[in-house]
Amino acid sequence: MYLCDFLADEYASVSLKKDVSELKGKTFFITGANGLIGSNLVNYLYYLDKKENLGIKIIAHSFSQPVDWLPKSNNISYIASDLARDLPDLKYDYLIHTATYGQPKKFIQNKLGTVKLNTETLIKLLEMSQRNKADVLFISSSETYGQVPQDLMPVKETYFGNVDTLSDRAVYAESKRMAETICDIFAKDGLNIKIVRLAIGYGPGVKYSDSRFMNEFIKRALTEGKLTMMDAGRAIRCFCFISDVVEMMLNTLFSSKEMLYNIAGVDNKTIREVAEMITETIKVPLVLPQEEEKIGGTPSQLALSNEKYCSEFSKTAFVDFEHGLKKTIEWLKMLQK
């Protein structure tokens, strides 16, 4: 099943502020096409193209062969290679750079690769975008804020951040910060580029192997008949369902007045609250640990303000967290079969 079929109702509610007829015949180059964000962008643009008959072309790049839920079409070209070593010379109108090592286990195992992807590879991509006179969307992260004082929550785009450069998470957070600076250099040289700092995007489109905490919790609950946590789950996180993420990212790329926006939903929950909702839905017990395990540099609380985006684009409706969580559980159950 293509992802656009699984999320047909949610995709139908996506509200783009751009006259989509202007996308007729345009080509999108999307990196990280196998990931949650990338695969949803490919599927949504495919859905939009079929609905509006726009003749949109997509170049979808990933490190490995395309996942099964990516659509097959004569207008979609799939490329599997290492972007850092083998970046093809392509022609396109829009670049959306989602490729990243966003999972803590992955960026800790690929420290230099994480840094290079957000610096050396990004520079090459932006140079190619300059040659194409393409518009660019760079996917940054809420991790750029690091530890945020309580009185600044929810944090706005004007906060400059506080990251421990020697912490475990610094390879990801600091390389994303450097990436934003690189984007700014190219923007001042005339490239039309937008940056979004994403909180926790979640929903269908994740691989079964995805190790981020929500997916790990769901998989443990499904396979072990219980959910055992690594810590007490006091940390607070901000969640945004993937169809809202797609809407906000594309509106930023196509129509935003400024360069930088937070992308976040309205659901701020503790890790424990998420775990409790998962166990209640799947009907298994929750087990709290006697000793806690943590990754150094992990913020205890991070809530992003979406005020800037919502004010500009008049966004008031978001996918309810309970609905989004149930949809994610349904997705992972399907992948489990």
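Observations
- Selection from the range 55-72 of residues that are surrounded by 15 or more Cβ atoms within 10 Å (Cβ to Cβ) and either assigned to a strand (DSSP E or B) or touching a helix residue (DSSP H, G or I) at 6+ places or on another chain (Cβ under 8 Å) (or both): ILE56, LYS57, ILE58, ILE59, ALA60, HIS61, SER62, VAL67, TRP69, LEU70, PRO71
- From GLY265, GLY324, GLY296, residue being at pLDDT below 90 and either closer than 25 Å to TYR11 by Cβ or assigned to a loop (DSSP other than H, G, I, E, B) (or both): GLY296
- Residue under evaluation GLU276, criteria (1) open to solvent by 20 Å² or more (accessible area, probe 1.4 Å); (2) closer than 25 Å to ASN162 by Cα; (3) not aliphatic (A, V, I, L, M), criterion not met: (2)
- Set side by side, the residues ASP151, ASP164 differ, and just one is open to solvent by 50 Å² or more (accessible area, probe 1.4 Å), of a type outside the set (Phe, Trp, Tyr) and assigned to a loop (DSSP other than H, G, I, E, B), which is ASP164.
- If you filter the range 9-38 down to residues that are among the basic types (Lys, Arg) and farther than 17 Å from GLU247 by Cα, you find that the one that is farthest from the chain's Cα centre (by Cα) is LYS24.
- For the residues LEU137, LEU54, LEU41, the requirement of being closer than 17 Å to GLY201 by Cβ and touching a Leu at 6+ places or on another chain (Cβ under 6 Å) singles out LEU137.
- Among residues of the range 311-325, those that are surrounded by 14 or more Cβ atoms within 10 Å (Cβ to Cβ) and under 16 Å from SER243 (Cβ atoms), counted: 7
- Screening ARG220 with (1) closer than 30 Å to ALA8 by Cα; (2) open to solvent by less than 10 Å² (accessible area, probe 1.4 Å) gives one miss only, at (2).
- Top-ranked residue in the range 175-200 [being touching a Ser or Thr at 6+ places or on another chain (Cβ under 6 Å), open to solvent by 10 Å² or more (accessible area, probe 1.4 Å) and of a type outside the set (A, V, I, L, M); ranked as farthest from ARG237 (Cα to Cα)]: LYS194
- Among residues that are more than 27 Å from TYR309 (Cβ to Cβ) and either in a helix (DSSP H, G or I) or at pLDDT 90 or above (or both), LEU112 is included.
- Top-ranked residue of the range 25-54 - restricted to ones that are buried (at least 20 other Cβ atoms within 10 Å of the Cβ) and among the small types (Gly, Ala, Ser), ranked as nearest to LEU122 (Cα to Cα): GLY32
- Tally, over the range 73-87, of residues that are within 29 Å of ALA12 (Cα to Cα) and either open to solvent by less than 50 Å² (accessible area, probe 1.4 Å) or of a type in the set (Asp, Glu) (or both): 3
- Any hit, the range 148-161, residues being farther than 25 Å from ASP82 by Cα, free of Cβ contacts under 8 Å to residues at least 12 places away in the same chain and among the β-branched types (Val, Ile, Thr): yes
- Close pairs from the range 314-332: first closer than 26 Å to LYS18 by Cβ, partner aliphatic (A, V, I, L, M) and surrounded by 14 or more Cβ atoms within 10 Å (Cβ to Cβ), Cβ under 7 Å, at least 6 apart: PHE318/VAL266
- Counting only residues that are within 23 Å of SER314 (Cα to Cα) and either hydrophobic (A, V, I, L, M, F, W, C) or part of a helix (DSSP H, G or I) (or both), the range 9-36 holds 10 of them.
- Filtered residues of the range 88-130 (kept if crowded, with 18+ Cβ neighbours inside 10 Å, touching a Leu at 6+ places or on another chain (Cβ under 9 Å) and either free of Cβ contacts under 8 Å to residues at least 60 places away in the same chain or more than 24 Å from MET248 (Cβ to Cβ) (or both)): LEU117, THR121, MET128
The values are calculated or read from the model by the stated rules, or taken from the named source; none is laboratory data. Keep in mind the model is a prediction, meaning the values are calculated, not measured. FYI the Cβ positions are ideal-geometry reconstructions off the backbone, even for glycines, and counts take in every protein chain you see. The area values use the complete protein model at the heavy-atom level, side chains included, leaving out ligands, DNA and RNA. Shrake-Rupley method; radii C 1.70, N 1.55, O 1.52, S 1.80 Å.
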